[in-house]
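No lab work stands behind these numbers, since they all come straight from the coordinates. Please read all numbers here as calculations on a predicted model, not as lab measurements. Virtual Cβ from ideal backbone geometry, glycine too; neighbours counted across all protein chains shown.
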Amino acid sequence: MYNLFEPGDLLNSPYEAILFDTAKHSFPIRAHWHHYMEIILMEEGAAIVECDENKYCLRPGDMAALPPKSIHAIYHEHGSKERLLYYVIKFDLNRFRENIGYVPQLKSAILQAAENPSVSFYFSSRELAGFPIHEFVSGCAREAQSMHYGHYMIMYSYLNCILVNMLRIWRDKGFVPSYEVSAPSGSSIETITEYIDAHSDQPLKVEQLALRCNMSYSFFAKQFRQLYGRSCKEYIEYIRVTKTEDMLLFTDYDMAYISQAAGFSDCSHMIKTFRKYKNITPKQFRIQNTKFRRSS
């Protein structure tokens, strides 16, 4: 059983950027999450990007922004095997904290947007037509590959431009972030999702997780919802459903094994919870997606 969490060295590698080629790299990209924010800009082909409960179809010129800690996966559209080329940038959003005049902090603005269900993190080629996004994204990839003197500074500048352009598009659609946003207190709750991910196959109680964070149950529940946009119980369920979905797609494990490995009490509990989030039973989901199945 694998963990969804993908570790990264934010201290020593705050920015990563490549031109991803499915002819050279392993694909599809299975469901995972990390502390980086991620930008995907499609160059060739069409790909499906799932990010939490959202699903985007990216075609050449389209871009998706994936907030930190969001669970996401990338795969071919309609089971196609065509070659895909797309830029991927991963970066530590905590680096973007500067305040200049009345402009809100970029980190604060992005996190506020992620909590607003009316704000889309998908940007079509038509929406991006008035912005030199491709220049900024490809520039990041060039700098990351060359590693010339000061390449992090150049990448940081490009990323600032990308994020500000995203904010401009959102503002044109009516989303105006507030100047400041309060951050939840306590650092342990910001990493508790890693513990949940690693122990999702075991019984998890919100009360015990609150104790791990040295918080009362009520305060932990309030802070968790503020930080992650859903209750802790819902987050645990979502992690288990995501792992169930992955095993249905990429393994031949039977339902009994999957329910146990994902952390459900039994098959009926798995079926009920899976249907709650996916509007389909696990068996029906596997039948509809047989093209993805293969031994892990």
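Beyond 25 Å, what share of the Cα-Cα pairs of the range 188-292 remains, rounded to the nearest whole percent?
On the way: 1408 of 5460 pairs.
Value for the range 188-292: 26 percent of Cα pairs lie more than 25 Å apart.
Mind scanning LYS55/LYS107; LYS81/LYS107; LYS24/LYS107 and naming the pairs with a C-alpha gap bigger than 26 Å? Before the final figure, lay out the partial values.
Numbers: LYS55/LYS107 23 Å; LYS81/LYS107 37 Å; LYS24/LYS107 33 Å.
Checking Cα-Cα distances, LYS81/LYS107; LYS24/LYS107 exceed 26 Å.
Report, in debye and to the nearest 20, how large the dipole of the range 3-121 comes out about its Cα centre when Lys and Arg carry +1 and Asp and Glu carry -1 on their Cβ.
Numbers: 11 positive and 16 negative charges, 15 e Å.
In debye, rounded to 20, the range 3-121 gives about 80.
Using the crude model of +1 on Lys and Arg Cβ and -1 on Asp and Glu Cβ, and no other charge, please compute the dipole size for the range 188-292 relative to its Cα centre, in debye to 20.
Values: 15 positive and 12 negative charges, 92 e Å.
For this selection, approximately 440 debye.
Could you check which residue among MET155, MET147, MET166 shows the biggest mean-square fluctuation in a GNM of the chain with a 10 Å Cα cutoff?
Answer for the Gaussian network model of the chain: MET147.
Taking a virtual spin label 7 Å from the Cα of GLU53 along the C-beta vector, which residues in the range 233-256 bring their backbone nitrogen under 20 Å of it?
233-246
What are the semi-axes of the equivalent ellipsoid of the range 219-265, taken as the square roots of 5 times the eigenvalues of the Cα gyration tensor, listed largest first and rounded to whole Å? Each step should come with its number before you reach the end.
Details: eigenvalues 152, 21, 5 Å².
Ellipsoid semi-axes (Å, largest first): 28, 10, 5.
Could you order peptides 113-120, 41-48 by the average number of other Cβ atoms within 10 Å of their residues, highest first? Before the final figure, lay out the partial values.
Numbers: 113-120: 15.0, 41-48: 19.6.
Averaged packing, sorted descending, gives the order 41-48, 113-120.
Bin by bin, in steps of 10 Å, what percent of the Cα pairs in the chain do you find, going until the bin that has the longest distance?
Per 10 Å bin, starting at zero, the Cα-Cα P(r) for the chain comes out as 6, 25, 33, 25, 10, 1 percent.
Which chymotrypsin sites (Phe, Trp or Tyr not before Pro) does the range 6-112 hold that lie in a coil by DSSP with at most 16 other beta carbons within 10 Å?
Numbers: sites: TYR15, PHE20, TRP33, TYR36, TYR56, TYR75, TYR86, TYR87, PHE91, PHE96, TYR102; in loops: TYR36, PHE96, TYR102.
Hits after loop and neighbour filter: TYR102.
Would you mind working out the magnitude of the charge dipole of the chain relative to its Cα centre, with +1 at each Lys and Arg C-beta and -1 at each Asp and Glu C-beta, to the nearest 20 Debye?
Dipole about the Cα centre, nearest 20: 680 debye.
Relative contact order for the chain: what percent, with Cα pairs under 8 Å and sequence separation of 6 or more? Please list the in-between numbers first.
Numbers: 433 pairs, mean separation 44.6, N = 296.
The normalised contact order for the chain reaches 15 percent.
Considering the options PHE220, ALA198, ALA262, tell which one lies farthest towards the positive end of the dipole of the range 188-292, charges being +1 on Lys and Arg and -1 on Asp and Glu at the Cβ, about the Cα centre.
The one lying farthest along the dipole's positive direction is PHE220.
Relative contact order for the range 186-249: what percent, with Cα pairs under 8 Å and sequence separation of 6 or more?
Numbers: 36 pairs, mean separation 19.9, N = 64.
Contact order relative to length: 31 percent.
Work out how much length ARG95 to LYS222 would gain on full extension: take 0.36 nm times their residue separation and subtract the Cα-Cα distance, in nm to one decimal. Numbers along the way, then the final one.
Working: separation 127, 0.36 × 127 = 45.72 nm, distance 2.63 nm.
Full extension of this stretch gives 43.1 nm more.
Using alpha carbons only, how many angstrom separate the centre of the range 120-167 from the centre of the range 1-41?
17
What number results when the radius of gyration of the range 15-172, computed over Cα atoms, is divided by 2.2 N^0.38 Å?
Details: Rg = 15.1 Å, N = 158, 2.2 N^0.38 = 15.1 Å.
Working it through for the range 15-172, the quotient is 1.00.
Looking at the range 188-292, how many pairs of lysines come closer than 16 Å at the Cα, when each pair is eight or more places apart or spans two chains?
12
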